[in-house]
Amino acid sequence: MAHATGDLAATDIEAYLAQHERKGLLRFITCGSVDDGKSTLIGRLLYDSKLVFEDHLAALEADSRRVGTQGGELDFALLVDGLAAEREQGITIDVAYRFFSTERRKFIVADTPGHEQYTRNMVTGASTADLAVILIDARKGVLTQTRRHSYLVSLLGIRHVVLAVNKLDLVGFDQSVFDAIVADYTSFAEQIGLDGVVPIPLSALLGDNITARSPETPWYTGPSLVEHLETVVVDDERSEGPFRLPVQWVNRPDLDFRGFAGPVVGGRVRPGDRVRVVPSGHDTDVARIVTADGDLDEAVAGQSVTLVLADEIDISRGDVIAAADDPPAVADQFECHLVWMATEELLPGRPYLLKIGTRTATATVARPKYAVNVNTLEHTAARTLGLNEIGVCNISLDRPVPFDPYEVNRDTGGFILIDKLTNATVGAGMLHFALRRADNVHWQAVDVDRDARARLSGHRPALLWFTGLSGSGKSTVANLVERELHALGHRTYLLDGDNVRHGLNRDLGFTEADRVENIRRVAEVARLMVDASLIVLASFISPFRAERQMARELLGEGEFVEIFVDSGLEAAEARDRKGLYAKARRGELVNFTGIDSPYEPPEAPELHLDSSGTVPPEELAATVVQHLRSAGVIP
Amino acid sequence: MGTLTHLQRLEAESIHIMREAVSESERPVMLYSVGKDSSVMLRLALKAFHPSLPPFPLLHVDTTWKFQAMYEFRDAIPGLTGMELIVHRNPECIERGINPFDHGSAVHTDMWKTEGLKQALDAHGFDLAFGGGRRDEEQSRAKERVFSIRSSQHRWDPKAQRPELWKLYNARTHLGESVRVFPLSNWTELDVWQYIHAEDIPIVPLYLAAPRPVVERDGVWIMVDDDRMPVDPAEVEERQVRFRTLGCYPLTGAVESTATTLTGIIQEMLLATSSERQGRVIDHDASGSMERKKQEGYF
């Protein structure tokens, strides 16, 4: 038999289908390690709901004999371990999704590993779960990893928790063992804000209290695991709270129809409801709720619909249509919890892409206020976040976005960070509140503007960004250019590594994170000077493309001139005026660009100068000045 | 209204996935294999963009060895939906006459389907392709992402897949990379059948039992769909059979069945004892074979 069908499927298929087409859906996550019997539990749920086919079962029997840990008995864990390589190693290293269904509900189980590299996977699996099953080995009680899993469950805002005390057969189904574990866990759960935990005594291996109450635990009067999963009420929560619909796609088949397609991620909506479009702030009424199956009288959280509004308002992807009397806040600076998911650590100050709802913005993350030790829940000082680390940080965006606190709405408060160069998803975060600073710092409108100052100086402002290896000749060329511009009567200022590092940036070292911050500050200072109408010459190794791009984006069109001073490593090292390469080669200097730290050459610089020695620096400087003339910076 | 049913929630999720994919790509396409999963995916696409037509064409990577009934069904689709249908056949396969009888199922599938798919995606410059894959189909699929990034060589790197949280999908690619998107990731075979039933979605008649000419090959019933199959006329029998999955007819096993209605086949499936893919010859080589195929670019 393939599914938990009872007899109805055999006797009256129409009645069976009518019943099953009304089933609900529950998504849950299981937390625990292989040692707790987690894979065994999931395998058991699949097996008991008759979802294991004979050919799968035959493969399972063969696998159990070959690599099983149950002495040739059926090893349910093998049913759920996915990729071949992992199966051989006996660990799962990613999130796998499993499906089973009963008479009353369909279930989607996020199965994540419990070993050390778990955080990224568990956070991913928990983000879509309504409920978490936290497994405990009855012989071991509440362990460090139990606390870790529970903290992540609470962080991700899962409100329904089952404490599955497993392997009770190995302690003789002893009620006192169960009670002690429950008491221990409950006091801990309260500390981290998890309430309403439902404890269930289990033996996943033998099937006790899985689908039905076990005769081995007469002292237990609660539901079996499956009974609880079938009946726990979760759907209504989504429909509580104010209406939210992030616009995914503007539907415009012809001039007569203009609809806004998106998922309802909060509350409910009816035709006639007053709604506000954020961030623009326009109010209007809902005219129609359009679906392919006809217009709806009401749409609730969880549905994907298309709204037609009463007034013509400019709305595009990324906007949120929300209840007019309770709209989301709009802000560009936030405090958030950030979970780091990439091997390359977080670089505070570097611009990342942030996706929230259907909106993508550029974001920079400040140095973390603290990191959270997920084992002890202690707060520790942190300069950055590495893979699987969690911290609390301020984050600022290049434009305001609509949001709700994550605690209020996961879909309007959760975000991912994307690396601009690799396109990898490197972090996930939960917004808590907007920083007051965003509301209070207003741009001062000024009468004397950039154009007025430029007219007075007789040249356009610009930032000449000289990048290249140490010893490539950047500063030499920059000096010559400045001298020439000065002689022509233009107002200039030269920023270089040495004058900045002795003052403004003397608190920074040479780690990757500090290098990013160094360049961020330089770029901001240069922007102010450009605003003051100077021609700024910045001479910095600036090895990373992302930071040079950040500097470019701070300035107006045509104001940023990237000059790649390219000597090649050999020529630069041969010069070595400051003896730095020699030190780096001896290992006395670490993180030295070109030796043990990478240099990412510009892909499309405005100027690419060959400074290997074949052309004298004076000629290179003349090339730069000529470029400024032809670009119209100087007359 | 009350709480949503599992089919309503699955439908809403698939629609959300399709709208995200279309919004975050330049040139999307939907792979259309003529099977039941494609039928469901197509219906969801028509719903997602209603009253507009889905803003992408359908692509059928043909092998010339599908069942005749599949070609008839496929050719009616543009007229029924108004959508464009692109059919691609690997010209090298045509030239060399690649077929499952002389070249074996592995070479046949690799050349027609895997290579054919890559050719079609490259030729049209599609940067995103919807596929009907489901996580419940096979063990290695359980960990597949909804948005799966492929290199410019169409390879799948299980170590470089992006975490997917909440409803947030990262579809950003570098030039030459592409994304495979699986809107049915969270559907099971039963969900697909229930949806077809609830929505009255047309499917290829081969899914329903009928008297058909078959021969036995390696313990599997194979339908003699045209005269290209080398058979001794004496070994052909007529049996009441149907197909649980549809592919190239020489590689698709039939099951004996009396189920001539949709509810009949759902009933048979509910009471079945072997999994859906068992009728497919390609999976049988070794445990983990699908995973290898996927790394090589098979959908």
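Of these, A:316, A:280, A:239, A:304, which one is touching a residue at least 40 places away in the same chain (Cβ under 8 Å), surrounded by fewer than 18 Cβ atoms within 10 Å (Cβ to Cβ) and not aliphatic (A, V, I, L, M)?
From the options A:316, A:280, A:239, A:304, the qualifying one is A:316.
Residue A:226 passes all but one of (1) open to solvent by less than 20 Å² (accessible area, probe 1.4 Å); (2) modelled with pLDDT of 95 or more; which number fails?
Exception for residue A:226: condition (2).
Give A:516, A:477, A:522 a once-over and let me know the one that is touching a Pro at 6+ places or on another chain (Cβ under 6 Å), of a type in the set (A, V, I, L, M, F, W, C) and crowded, with 20+ Cβ neighbours inside 10 Å.
Checking each option against the conditions leaves just A:477.
Applying the selection to the range B:1-40, what residues are open to solvent by 30 Å² or more (accessible area, probe 1.4 Å), more than 8 Å from chain A (Cβ to nearest Cβ) and not charged (D, E, K, R)?
Hits for the range B:1-40 are B:2, B:33.
Just one of B:59, B:46, B:42 is at pLDDT 95 or above and assigned to a strand (DSSP E or B); which is it? Can you show your working first?
Numbers: B:46 fails: assigned to a strand (DSSP E or B); B:42 fails: assigned to a strand (DSSP E or B).
Selected residue: B:59, the only one of B:59, B:46, B:42 that is at pLDDT 95 or above and assigned to a strand (DSSP E or B).
Of everything in the range A:170-223 that's hydroxyl-bearing (Ser, Thr, Tyr) and at pLDDT below 90, which residue is nearest to residue A:45 (Cα to Cα)?
Among those residues, the one meeting the criterion is A:211.
Against the conditions (1) within 15 Å of residue B:24 (Cβ to Cβ); (2) free of Cβ contacts under 8 Å to residues at least 60 places away in the same chain; (3) in contact with a helix residue (DSSP H, G or I) (Cβ under 9 Å, 6 or more places away or on another chain), where does residue B:145 fall short? Just the number, please.
Every condition holds for residue B:145 apart from (3).
Give the residues of the range A:351-366 that are touching a helix residue (DSSP H, G or I) at 6+ places or on another chain (Cβ under 8 Å) and either part of a loop (DSSP other than H, G, I, E, B) or within 15 Å of residue B:171 (Cα to Cα) (or both), sorted by residue number.
A:356, A:357, A:358
Give me the pairs: first residue in the range A:566-582 and farther than 16 Å from residue A:596 by Cα, second residue surrounded by fewer than 18 Cβ atoms within 10 Å (Cβ to Cβ) and of a type in the set (S, T, N, Q), beta-carbon distance under 9 Å, and six or more apart or on different chains, which are they?
From the range A:566-582, the pairs are A:566/A:612; A:567/A:612; A:571/A:612.
When residues of the range B:223-262 are filtered for being modelled with pLDDT under 90, closer than 21 Å to residue B:198 by Cα and open to solvent by 20 Å² or more (accessible area, probe 1.4 Å), how many remain?
Going through the range B:223-262 one residue at a time, the tally reaches 1.
For the range A:138-157, how many residues meet the condition of being under 11 Å from residue A:197 (Cβ atoms) and not small (Gly, Ala, Ser)?
1
Applying the selection to the range B:86-106, what residues are in contact with a helix residue (DSSP H, G or I) (Cβ under 6 Å, 6 or more places away or on another chain) and over 19 Å from residue B:224 (Cβ atoms)?
Result: B:88, B:90, B:93, B:98.
Residue B:211 - would you say it is more than 8 Å from every other protein chain (Cβ to nearest Cβ), open to solvent by 30 Å² or more (accessible area, probe 1.4 Å), over 19 Å from residue A:420 (Cβ atoms) and in a strand (DSSP E or B)?
In short, yes.
Looking for whichever is modelled with pLDDT of 90 or more, more than 12 Å from chain B (Cβ to nearest Cβ) and either touching a Lys or Arg at 6+ places or on another chain (Cβ under 8 Å) or surrounded by 15 or more Cβ atoms within 10 Å (Cβ to Cβ) (or both) here; the options are A:386, A:391, A:427, A:413. Which one fits? Steps first, answer last, please.
Values: A:386 fails: either touching a Lys or Arg at 6+ places or on another chain (Cβ under 8 Å) or surrounded by 15 or more Cβ atoms within 10 Å (Cβ to Cβ) (or both); A:427 fails: more than 12 Å from chain B (Cβ to nearest Cβ); A:413 fails: more than 12 Å from chain B (Cβ to nearest Cβ).
Only one candidate passes the filter, namely A:391.
Residue by residue through the range B:99-132, note down the ones that are open to solvent by less than 10 Å² (accessible area, probe 1.4 Å) and part of a loop (DSSP other than H, G, I, E, B).
Selection gives B:131 alone.
Name the residues in the range B:174-200 that are surrounded by fewer than 20 Cβ atoms within 10 Å (Cβ to Cβ) and more than 18 Å from residue A:13 (Cα to Cα), would you?
B:174, B:175, B:176, B:177
Within the range A:257-277, track down each residue that is more than 13 Å from every other protein chain (Cβ to nearest Cβ), in a strand (DSSP E or B) and open to solvent by 10 Å² or more (accessible area, probe 1.4 Å).
Across the range A:257-277, the qualifying residues are A:274, A:276.
List pairs: first in the range A:121-146 and in contact (Cβ under 8 Å) with a residue 60 or more places away in the chain and within 14 Å of chain B (Cβ to nearest Cβ), second open to solvent by 10 Å² or more (accessible area, probe 1.4 Å) and in a strand (DSSP E or B), Cβ under 6 Å, 6+ apart or cross-chain?
Cβ pairs passing all conditions: A:128/A:27; A:129/A:27; A:130/A:27.
When you go through (1) open to solvent by less than 30 Å² (accessible area, probe 1.4 Å); (2) in contact (Cβ under 8 Å) with a residue 24 or more places away in the chain; (3) of a type in the set (A, V, I, L, M) one by one for residue A:508, which number turns out not to apply?
Unmet condition: (2).
Matching residues to (1) among the hydroxyl-bearing types (Ser, Thr, Tyr); (2) under 14 Å from residue A:567 (Cα atoms); (3) touching an Asp or Glu at 6+ places or on another chain (Cβ under 6 Å):
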| position | (1), (2), (3) |
| --- | --- |
| A:592 | no, no, no |
| A:602 | no, yes, yes |
| A:609 | no, yes, no |
| A:622 | no, no, no |
| A:627 | no, no, no |
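Among the numbered criteria (1) open to solvent by less than 30 Å² (accessible area, probe 1.4 Å); (2) in a loop (DSSP other than H, G, I, E, B), which one does residue A:195 miss?
(1)
Of all the residues that make up the range A:341-383, how many are out of contact with any Phe, Trp or Tyr (no Cβ under 9 Å at 6 or more places or on another chain) and within 14 Å of chain B (Cβ to nearest Cβ)?
Residues flagged as out of contact with any Phe, Trp or Tyr (no Cβ under 9 Å at 6 or more places or on another chain) and within 14 Å of chain B (Cβ to nearest Cβ) within the range A:341-383 amount to 9.
Determine whether the range B:88-97 contains at least one residue that is farther than 30 Å from residue A:342 by Cβ, part of a loop (DSSP other than H, G, I, E, B) and open to solvent by less than 20 Å² (accessible area, probe 1.4 Å).
yes
Scan the range A:242-256 for residues that are more than 8 Å from chain B (Cβ to nearest Cβ), open to solvent by 20 Å² or more (accessible area, probe 1.4 Å) and in a strand (DSSP E or B) and jot them down.
Correct list: A:250 only.
Taking the criterion of being farther than 24 Å from residue A:490 by Cα and in contact (Cβ under 8 Å) with a residue 60 or more places away in the chain, would at least one residue in the range A:611-634 satisfy it?
Yes: one or more hits.
Quick check, is residue A:202 in the same structural domain as residue A:183 (by TED's automatic domain parsing) and crowded, with 22+ Cβ neighbours inside 10 Å? First the steps, then the outcome.
On the way: in the same structural domain as residue A:183 (by TED's automatic domain parsing): yes; crowded, with 22+ Cβ neighbours inside 10 Å: yes.
Yes.
Testing residue A:499 on (1) buried (at least 20 other Cβ atoms within 10 Å of the Cβ); (2) of a type in the set (S, T, N, Q); (3) assigned to a helix (DSSP H, G or I), one condition comes back false. Which one is that?
Checking residue A:499 against (1) buried (at least 20 other Cβ atoms within 10 Å of the Cβ); (2) of a type in the set (S, T, N, Q); (3) assigned to a helix (DSSP H, G or I), the one that fails is (1).
Could you tell me whether residue B:65 is under 17 Å from the mean Cα position of the chain (by Cα) and open to solvent by 10 Å² or more (accessible area, probe 1.4 Å)?
For residue B:65, the condition - under 17 Å from the mean Cα position of the chain (by Cα) and open to solvent by 10 Å² or more (accessible area, probe 1.4 Å) - is met.
The values are calculated or read from the model by the stated rules, or taken from the named source; none is laboratory data. On a predicted model such as this, the values are computed, not experimentally measured, just so you know. Heads up, the Cβs are rebuilt from the backbone with ideal geometry, glycines too, and the neighbour counts pull from every protein chain shown. Note: accessible area is taken over every heavy atom of the protein model, side chains too, but ligands, DNA and RNA are not part of it. Shrake-Rupley method; radii C 1.70, N 1.55, O 1.52, S 1.80 Å.
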